[in-house]
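The values are calculated or read from the model by the stated rules, or taken from the named source; none is laboratory data. The structure presented is a predicted model; accordingly, all values stated were derived computationally and were not measured. Glycine also receives a Cβ, built like all others from the backbone with ideal geometry; neighbour counts cover every protein chain displayed. Heavy atoms of the whole protein, side chains included, go into the accessibility calculation; ligands, DNA and RNA do not. Shrake-Rupley method; radii C 1.70, N 1.55, O 1.52, S 1.80 Å.
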Amino acid sequence: MKNRSTLVSFFVTLLLGSTLLSCAPTISSYRLEPVSGDVATIDGRQVTKSTQNGVTVVASFEREDLEYVTLDVEVKNQTDHPIEINPADFRYVALGASQDTLTDPRNTGLSLARSAADPTYEAGRIPLKRKQEQQRLKRAKVLNTLLLVAVIASDVSSSSNSRSYSEYVGKRIGHDFAYQGIAVKRVIDRTTFADRMQRYDYEEYRWRELALKANTLAAGESVRGFVYLTKVPQARYLGVTYTIPEQASVPLLFKQEFVTQKKGHRR
């Protein structure tokens, strides 16, 4: 029983310590600046335009969005026939300070290249994410119950086996700390669940309402929406290309700045 009490106290101490560390106030800030095409400043924002074979892409940096950097993109069909628009056809290559192609850390034989997020695919993943989070909360509840049972059993045993008052007080303090730790863990589990479910609600809205949609664009028409690029912290430039197979390959180049700093030092 003494070993069980020690293990429970260690677990709670580790839990509280990791929780405090995870709350360190740091701010990461990304900013993309267009450095190719026809660059102009519109409403205080730098916007670039590039055209090839009657397909024009107008783009500017919008903001960070969770794990993505977001481009505000308008595609114009200036041809005499319909074209197919798909945000997943935006591909980008991570470049270094000299605009040299970076290698993929997962495969050093390949360049670090990615496709923009596919809104249809990402929206389809939301129900699975919600289900996984519900299962995680259920597992956490089971673990909390087991921990509570272990602490109660240890508390009852130690109370009856204490050889002195000082030993009793020491064990009492230790078990009170364990009870409080479990209560804190329950709050953290519920808060994490609520935060993640709220995030999934936003993600669903983002993919369905904000993102550029796959569709057919008639001649003379244009469409606008957000294109989401997974963050590449080590890149100094992002070489973005929008490709319509056998018709056009529209290049865009953005300079990337990335800063991490303590919240208290943010200006």
* Residues of the range 232-247 satisfying the condition of being buried (at least 17 other Cβ atoms within 10 Å of the Cβ), part of a loop (DSSP other than H, G, I, E, B) and either out of contact with any Leu (no Cβ under 7 Å at 6 or more places or on another chain) or not β-branched (V, I, T) (or both) -> A235, R236
* Asked: Does A116 qualify as being closer than 17 Å to F226 by Cα, modelled with pLDDT under 95, in contact with a strand residue (DSSP E or B) (Cβ under 6 Å, 6 or more places away or on another chain) and among the small types (G, A, S)?
  -> no
* Which residues, taken from the range 36-48, are surrounded by fewer than 18 Cβ atoms within 10 Å (Cβ to Cβ) and under 19 Å from Y228 (Cα atoms)? -> R45, Q46
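Condition check ((1) within 24 Å of the chain's Cα centre (by Cα); (2) outside any strand (DSSP E or B)) across all residues:
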| site | (1), (2) |
| --- | --- |
| I188 | yes, yes |
| Y200 | yes, yes |
| E204 | yes, yes |
| G220 | no, yes |
| F226 | yes, no |
| S249 | no, no |
* Structure fact -> Going through the range 28-49 in order, the residues found to be touching a Ser or Thr at 6+ places or on another chain (Cβ under 7 Å) and either in contact (Cβ under 8 Å) with a residue 12 or more places away in the chain or closer than 18 Å to A235 by Cα (or both) are S28, P34, S36, G37, D38, R45, Q46, V47, T48, K49
* **Residue that is nearest to P127 (Cα to Cα) [pool: residues in the range 199-232 that are of a type outside the set (S, T, Y) and free of Cβ contacts under 8 Å to residues at least 60 places away in the same chain]** => D201
* Structure fact -> Going through the range 206-218 in order, the residues found to be open to solvent by less than 70 Å² (accessible area, probe 1.4 Å), more than 19 Å from R114 (Cα to Cα), in a helix (DSSP H, G or I) and not basic (K, R) are L210
